[in-house]
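Undergrad: Pasting a structure below so you can have a look.
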Amino acid sequence: MNPNDKEFDRRMREKFKNFTPGVPVGLWNKIDDALDSETSKPGKIIGPTRTRWKFTPRWAAAVLVVFALAYWYNRPVEVIYLQGKVGIPVVVGEEPPSPRPVLQPADEPGDISPAKSVFTGKVLERINRISAEMPREGTVRDDDTQPSAVEIQLVATDAETAPDPIVDDPLETYIIEVLDLQPLVVLEEAEEVMLANVGPSDTFGVSRLLNFVVGAVDQRAEKAITFSNDEEGSLRIDFNFNLVKNRKSK
Amino acid sequence: MEHAATVNSLYEGCKENNRQAQEMLYHALASKMLGVCMRYASSTFEAEDILQAGFVKVFTQLSSFRGEGSFEGWVRRVMVNTAIEAYRKNTRLLRIADMAEADGAFQQGYVIDELEYEDLLAIIRTLPEGYRVIFNMYVIEGYSHKEIAETLHISEGTSKSQLSRARSWLKEKIKQMEGGVYESK
């Protein structure tokens with residue numbers, strides 16, 4: 001750079017270093033008005049860059065709605081059992097500390113009553129005695145030796161079944177046992193023999209139909225082929241070979 | 001020193017968007033910043049408009065100050081940028097023919113120190129706008145040719161050539177005003 005240029009630049013710089021002209025009155029008001037219009041613009045952020053969270057009623061309402069939805073989604077739901085009892089089951093993971101109560105076996109809703117009407121009084125008496133000894137599904141034994149398959153805490157609200165120990169003790173814990181398969185009816189020995197001697201009923205089988213067809217073809221008194229049912233009820237074919245021999249000899 | 005401390009303390013209040021702090025900062029820096037704006041503007045009215053827009057920009061974009069250098073220097077740069085924006089909006093064709101007349105006059109002398117601010121300012125305002133901006137940015141503000149080229153979207157060569165022509169123009173004008181020989185005091 002030309003030394004003259006350097007000197008020229010230096011003098012110009014020095015001249016304007018302390019140049020402070022007078023500011024017109026009222027200029028600040030214009031700046032103030034411009035700042036107000038800037039702040040009134042939507043979405044305009046002026047000043048501190050930090051965002052301040054304020055707990056407004058909107059936030060409170062939003063939190064309330066979230067909690068309400070969470071409670072509604074997880075609210076307790078009624079469950080209808082197959083036996084007709086209506087309860088609210090709650091699965092618990094721990095055994096109850098108190099001993100379980102003794103309950104009377106509840107009447108099963110009519111599953112064996114039609115069968116009972118078929119048999120004599122003695123049979124009915126025996127059935128009741130055996131049923132009394134057997135543990136039923138849904139009942140409780142006051143016996144800790146019995147293994148528990150599922151432990152469910154029931155709160156039954158069915159008023160039709162009475163006396164219902166479940167209703168009386170809504171928060172007691174019961175043990176449900178998986179029962180072994182048992183025969184529904186147990187007969188005395190005499191009745192079993194009687195039933196065994198009764199032959200197979202003469203049912204309309206295929207043998208009758210086939211005999212009718214053979215009779216239509218063979219008009220003789222003795223048929224060469226006859227159909228019958230054996231002891232087990234299976235179809236049996238009887239060939240009359242004597243009749244065939246007599247025909248040959250003739 | 002006290003002035004710098006006052007300005008820095010007012011910066012904290014302006015960050016909180018405190019209108020009182022903003023007004024105090026304005027009164028502390030307005031005069032000096034108006035002097036900057038007047039060197040770039042064609043008239044005093046234009047300089048005041050640039051000053052007003054510059055301060056609004058200072059208070060609304062305070063977060064862009066990263067703390068590098070003094071706060072007053074940052075405000076000064078905001079004013080220069082505002083003046084350049086105004087120049088871009090009102091870009092006029094450079095009077096190259098006028099500048100050509102000044103090429104042969106740089107050898108004659110002039111006296112800068114004896115001139116009043118207003119006279120020197122009047123001479124600077126006679127410069128074509130593009131030359132005036134480059135002259136102010138390089139000579140007074142201390143920008144490099146590279147920075148000027150980036151800001152004005154011109155080449156460094158153009159910046160250098162226009163600065164040289166601006167100097168010649170000013171020397172001629174000063175000579176005409178004083179009518180004397182350049183003397184270095």
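The values are calculated or read from the model by the stated rules, or taken from the named source; none is laboratory data. For clarity, every value in this text was computed on a predicted model and none was experimentally measured. Ideal geometry is used to build each Cβ from the backbone, glycine not excepted, and the neighbour counts take in all protein chains shown. Remember, those area values only see protein heavy atoms, side chains included, never the ligands or the DNA or RNA. Shrake-Rupley method; radii C 1.70, N 1.55, O 1.52, S 1.80 Å.
Undergrad: Pairs only if they're at least six apart or on different chains, beta carbon under 6 angstrom, first in region B:1-23 and over 20 Å from A:ILE31 (Cβ atoms), second open to solvent by less than 70 Å² (accessible area, probe 1.4 Å) and in a helix (DSSP H, G or I); list them, first residue then second.
TA: Taking only residues 6 or more apart or on different chains, the pairs are B:ASN8/B:PHE71.
Undergrad: Report those helices (runs of 4 or more DSSP H) wholly inside region B:76-168 carrying at least 3 residues which are modelled with pLDDT of 80 or more and within 13 Å of another protein chain (Cβ to nearest Cβ).
TA: B:117-125, B:129-135
Undergrad: Within region A:206-224, how many residues are at pLDDT 85 or above and among the polar types (S, T, N, Q)?
TA: Total meeting the criteria: 2.
Undergrad: Look at region B:22-42 and say how many of its residues are closer than 16 Å to B:HIS3 by Cβ, open to solvent by 10 Å² or more (accessible area, probe 1.4 Å) and of a type in the set (A, V, I, L, M).
TA: Qualifying residue count for the region: 2.
Undergrad: Just to be sure, is B:ASN18 modelled with pLDDT under 90, over 20 Å from B:MET137 (Cβ atoms) and within 11 Å of chain A (Cβ to nearest Cβ)?
TA: In short, yes.
Undergrad: Going by the structure shown, is B:ARG76 farther than 23 Å from A:ASN29 by Cβ and not β-branched (Val, Ile, Thr)?
TA: yes
Undergrad: Something else now. Search region A:232-250 for residues that are within 25 Å of A:VAL206 (Cα to Cα) and pair each with any residue that is open to solvent by 100 Å² or more (accessible area, probe 1.4 Å) and modelled with pLDDT under 85 when their beta-carbon atoms are under 8 Å apart and the residues are at least 6 apart or on different chains.
TA: A:GLY233/A:PRO200; A:ASN240/A:GLU222; A:LEU243/A:GLU222
Undergrad: Would you pick out the residues in region B:4-15 that are open to solvent by 20 Å² or more (accessible area, probe 1.4 Å) and at the interface with chain A (Cβ under 10 Å from one of its Cβ atoms)?
TA: Listed by number, the list holds a single entry, B:LYS15.
Undergrad: Something else: Are any residues in region A:1-42 more than 7 Å from chain B (Cβ to nearest Cβ) and closer than 19 Å to B:GLU141 by Cβ, and if so, which ones?
TA: A:MET1, A:LYS6, A:ARG10, A:GLU14, A:LYS17, A:ASN18
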